Amino acid sequence: MIAIFKPYNTCAQICVYCQRNWEIDGVLSPDAMAPEDKVEAALSWFQEHPMVSEVLVTGGDPAILSTGHLRKLLLRLGEMKHVRRIRLGTRVPVVLPMRMDQRFLDLLSEIHDPPNREFALISHFEHPYEITPESAQCIRSVRSIGISVYNQQVFTMENCRRFETVALRLELKRIGVDPYYTFNAKGKEETSSYRVPISRLLQERKEEARLL
């Protein structure tokens, strides 16, 4: 019931632990936009498959597209009555919070139309240090228009010290973000120094997550 839509394949920041970083040529790469024919083919596929009730718009980071271009894509998805939920995955609240200006918020308000259709934002906070006054204000502005914000974190050697992820979850809740996914870094050569043993993940879940 859930499908992924990837219209844009670059980000404002390239994270070495990202499961898709090998697909990305560079920050704000000029050829990162999917060709028009592929975008149309994807949208047609969604239209022809009414069993798809949820679409995750991801990439890259689609939130760094121009607001006008992103609006066209989201409105096309929004016209499909069987698509009841649209999620947008982005690290913009962390690395470029000023991107979510009033025009961007107006677009999200236009797409978020409960009970017909829900829009949700999926953020990528990795560590409590990334929760700044600017990112907190960004989240506050999104929540003020009734949109839920969830976080997905990659569990790495840089944030797996005891209770750091607990601290992140607590701070996220304070600014209005619900912790959602915790990922293990994919087993690629460039992530070897970031990967955490599975035993540490299990320990974190058993000993620390219960504190919440």
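The values are calculated or read from the model by the stated rules, or taken from the named source; none is laboratory data. All of these numbers come straight from a predicted model, not from anything done at the bench. Don't worry about glycine lacking a Cβ; one is built from the backbone with ideal geometry, like all the others, and counts go over all protein chains shown. Heads up: the accessible areas ignore ligands, DNA and RNA and are worked out on the full protein's heavy atoms, side chains in. Shrake-Rupley method; radii C 1.70, N 1.55, O 1.52, S 1.80 Å.
Taking only the Cα atoms of the chain, the radius of gyration and Dmax are 17.4, 50 Å. Cβ-Cβ distance of Ser144 and Lys186, R₀ of 35 Å, FRET efficiency by 1/(1 + (r/R0)^6): the value works out to about 0.50. Rolling a 1.4 angstrom probe over the chain with all protein chains present gives an accessible area of which 54% lies on carbon and sulfur atoms.
Given C-alpha coordinates of segment 66-158, what is the ratio Rg to Rh with the Kirkwood estimate of Rh?
On the Cα set of segment 66-158, Rg over Rh gives 0.99.
Computed over the Cα atoms of segment 160-212, pair by distinct pair, the Kirkwood hydrodynamic radius stands at 12.3 angstrom.
Cysteine residues of the chain whose Cβ has no partner cysteine Cβ closer than 4.7 Å: Cys11, Cys138, Cys160. Within the straight-line cut-off of under 25 Å between alpha carbons, the lysines reachable from Lys186 are Lys6, Lys206, sequence neighbours fewer than 8 places apart in one chain being disregarded.
Calculated on C-alpha atoms, the gyration radius of segment 124-187 divided by its Kirkwood radius gives an Rg/Rh of 0.99. Helical content alone sets the calculated 222 nm signal of the chain at -9500 deg cm²/dmol, taking -39,500 (n - 2.57) per DSSP H segment of four or more residues and averaging over every residue. Note on segment 172-212 and segment 1-70: Cα centroid distance 25 Å, given to the nearest whole angstrom.
A 1.4 Å probe run over the chain, with the rest of the protein chains in place, finds 52 Å² accessible per residue.
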